[in-house]
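Report on one structure; see the data block that follows.
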Amino acid sequence: MAAHVLALVCDLRVPASTSLKDKRAVVQTICDGARRRFGVAAAETDSQDLHGRTELCFVAASGTAAHTVEVVDAVERFVWSFPEVEVVQTERSWTEFA
């Protein structure tokens, strides 16, 4: 049986953030919410020291590619739903294990 792993990387602006503390509150809300609702791994992977930008990565794994895509699609919609962030770019990357 194969395992399908899909990573979603989101480059985000956090325009209302005036400090790292403000930004981390938004990042934590998004990452914790994605973990709880969708069962994905989530982390801030870049721009940790910039209060107006962040890069978040979400990873989903499943036995079928279709289910993995469904989960990542839902996570991407979830990220877009936050008015505190502006999505600059998203990128997806597949890994498959036999």
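When Rg is the radius of gyration of the Cα atoms in the chain and Rh is its Kirkwood radius, what does Rg/Rh come to?
Numbers: Rg = 13.7 Å, Rh = 13.6 Å.
Ratio of gyration radius to Kirkwood radius for the chain: 1.01.
For the charge dipole of segment 3-97, defined by +1 on Lys and Arg C-beta atoms and -1 on Asp and Glu C-beta atoms about the Cα centroid, which residue among VAL87, SER19, SER47 has the Cα displaced farthest towards the positive pole?
So the residue we want is SER19.
When the Cα centres of segment 38-60 and segment 1-24 are compared, how far apart do they sit, in Å?
About 3 Å separates the Cα centre of segment 38-60 from the one of segment 1-24.
Let me have the 222 nm mean residue ellipticity of the chain computed from DSSP H runs of 4+ only, each contributing -39500 (n - 2.57), with the sum over all residues rounded to the nearest 500.
Details: 2 runs with 35 residues, N = 98.
The helix-only estimate for the chain comes to -12000 deg cm²/dmol at 222 nm.
Could you work out how far helix 65-80 tilts from the main Cα principal axis of the chain, as a 0 to 90 degree angle to the nearest 10?
Helix 65-80 sits at roughly 10 degrees to that axis.
Taken together, the values in this text are just the output of simple stated rules run on the coordinates, not laboratory data. Being a predicted model, the structure only gives us computed values, none of them experimental. In this analysis, Cβ positions are derived from the backbone assuming ideal geometry, glycine residues included, and neighbour counts consider all displayed protein chains.
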